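Engineer: Structure in structure tokens, see below.
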Amino acid sequence: MRAPESVEVTTPRLYVGNLSFDAVESDLLDLFNGVGIVQSVEVVSNRQTHRSKGFGFVQMQTIEEAKRAVSELHDKEYMGRKLVVSGAKAADRRDERDERSQQPER
């Protein structure tokens with residue numbers, strides 16, 4: 001298993017890793033609301049089994065709140081596991097790849 005890469009917080013979107021497989025979006029919402037205003041929460045699940053993959057994303061209202069969330073929640077024990085909280089990588093590359101794969105060939 002590879003170590004999670006620490007990503008600098010440059011947007012309000014955060015990566016949350018090493019989640020308990022029992023954690024649901026309302027759990028993350030409650031946890032991160034203690035730090036600042038949460039815009040959205042997503043726990044990533046397997047498409048076939050609908051089981052959590054053990055990571056997700058939280059969108060805070062401001063970059064400052066996102067940075068505070070990283071400083072307060074990274075490496076904090078939650079539901080029996082130490083959280084990994086960092087800036088989220090840009091989703092642009094994945095979106096571009098998906099768009100290219102859906103375009104008809106010329």
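Just so you know, all these numbers are worked out from the coordinates, no wet-lab data involved. Everything numeric in this text was worked out from a predicted model, so none of it was measured. Neighbour counts run over all protein chains shown; Cβ positions are idealised from the backbone, glycine included.
Engineer: Hand me the trypsin sites (Lys or Arg not before Pro) from segment 19-54 located in a DSSP loop with no more than 10 other Cβ atoms within 10 Å, in residue order please.
Structural biologist: ARG47, ARG51
Engineer: Moving on to the next point. Relative to 2.2 N^0.38 Å, what does the C-alpha radius of gyration of segment 13-102 come to as a ratio? Two decimals please.
Structural biologist: In units of the 2.2 N^0.38 Å rule of thumb, it is 1.12.
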